1. Anything in the range 184-212 that is in a helix (DSSP H, G or I), aliphatic (A, V, I, L, M) and surrounded by 14 or more Cβ atoms within 10 Å (Cβ to Cβ)? List them, or say none.
2. Exactly one of (1) farther than 30 Å from Lys287 by Cβ; (2) assigned to a helix (DSSP H, G or I) is unmet by Thr158. Its number?
3. I need the full set of residues from the range 122-138 which are surrounded by fewer than 21 Cβ atoms within 10 Å (Cβ to Cβ) and either assigned to a helix (DSSP H, G or I) or under 15 Å from the mean Cα position of the chain (by Cα) (or both), in order please.
4. Select from the range 1-29 the residues that are within 12 Å of the chain's Cα centre (by Cα) and buried (at least 21 other Cβ atoms within 10 Å of the Cβ) and write down the one among them that is modelled with the highest pLDDT.
5. Condition check: at negative phi and buried (at least 18 other Cβ atoms within 10 Å of the Cβ). Does Val141 satisfy that?
6. Considering only the range 258-287, state which residues are among the acidic types (Asp, Glu) and under 24 Å from the mean Cα position of the chain (by Cα).
7. Out of Val141, Val109, which single residue is within 18 Å of the chain's Cα centre (by Cα), touching a residue at least 40 places away in the same chain (Cβ under 8 Å) and part of a helix (DSSP H, G or I)?
8. With the condition kept exactly as written, say whether any residue in the range 85-101 is within 30 Å of Glu297 (Cβ to Cβ), part of a helix (DSSP H, G or I), free of Cβ contacts under 8 Å to residues at least 12 places away in the same chain and among the small types (Gly, Ala, Ser).
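The values are calculated or read from the model by the stated rules, or taken from the named source; none is laboratory data. Since this is a predicted model, take the numbers as computed values, not measurements. A quick note on method: Cβ atoms are made from the backbone with ideal geometry, for glycine too, and the neighbour counts reach across all protein chains shown.
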Amino acid sequence: MPVLMSVLAAIIPMVLYLIVIWKMDKYEPEPIKFVLQHFFWGAFGAVFFGIIGSEIFSSQISVFIDDIEYLSFLETVAIAPIVEEIAKGIFLFATINSKKFDNLTDGLVYGGAIGLGFGMTENFLYFLAYGDTIEAWLYLVIIRSGFSAVMHCMSTATLGAFFGIAKFSGKKTRYFYGLVGLVIAILIHFLWNFSVSFQNTFSFGVFMIFAIVLIFFIIYRVSLKHEEIIIKIELEDEAEKHLLPLSYIEILSSQKRFKKGWINELIRKRFTKLATKLAFLKHEGKKYSGIKKEENEILILQHRLDMQDLLKSNSAFIELED
């Protein structure tokens, strides 16, 4: 097949998946630039280190194994899951301390983005290497776009979710959550690779991917519900201090925030973004101490002042309309 067709077949599904995942985070959408950084790490950085790591491990194991087929099997079901999940997770470990990475939902988005980037590049390489006929190429496009790349997305999203939990856990449990996330990611990867290695286990692999995707969406929904609760609790405190109208709390902590009419449309999106960020800053600040806590309090104060300025603008708009 023409290289261009393989490029398009590799890129388009992954970009569509990425948009869906990014759009799902309704209350505090992640900066698209930061999401793309994770996506490109998966597409290039993780693939590079995954290949290097696999070569190193394979060369060491090949000293003890003469059977080429058995060595290839081990590379697929044992070495690849471990090396590739670590390679994908390196970037999450580097970005977890970013202020943009502040909850489980963010971990799902950033981890999913890395997995999709990795899946895109791996798919392209597979399309070129094994798509020597139209039938073989189409089969690869369907299986790898619908299942293999989704597996990469789900496995690294799982790791990201556990990193999101670990970030705000105690020191004693932080590394435990990170390790559990990595083990589960490797297990998901292992089970998929093992299932597609044998004809009679392929159906199990397909079922597993559907089940994992379903669990992913359930966790995503639960995480968003948790965000609603955080927004409501933290902003209620602002209302008690008379810094925010009480009537806005229910709106800002629900889907009503996306409707027009409750505040002047010229400032609605900006005000909603500030209020949401303020709620998360206050929630995160409870875990901080020392300099980090001081920096967080400065950000909280700045968001309060910006919100007050917008509320004054809204009052001015109302007076003009009257």
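1. Once the filter is applied, which keeps residues that are in a helix (DSSP H, G or I), aliphatic (A, V, I, L, M) and surrounded by 14 or more Cβ atoms within 10 Å (Cβ to Cβ), the range 184-212 yields Ile184, Ala185, Ile186, Leu187, Ile188, Leu191, Val206, Met208, Ile209, Ile212.
2. For Thr158, the failing item is (1).
3. Once the filter is applied, which keeps residues that are surrounded by fewer than 21 Cβ atoms within 10 Å (Cβ to Cβ) and either assigned to a helix (DSSP H, G or I) or under 15 Å from the mean Cα position of the chain (by Cα) (or both), the range 122-138 yields Leu125, Tyr126, Leu128, Ala129, Tyr130, Ile134, Glu135, Ala136, Trp137, Leu138.
4. Ranking the candidates gives Leu18 first.
5. Yes, satisfied.
6. Glu284
7. Val109
8. yes
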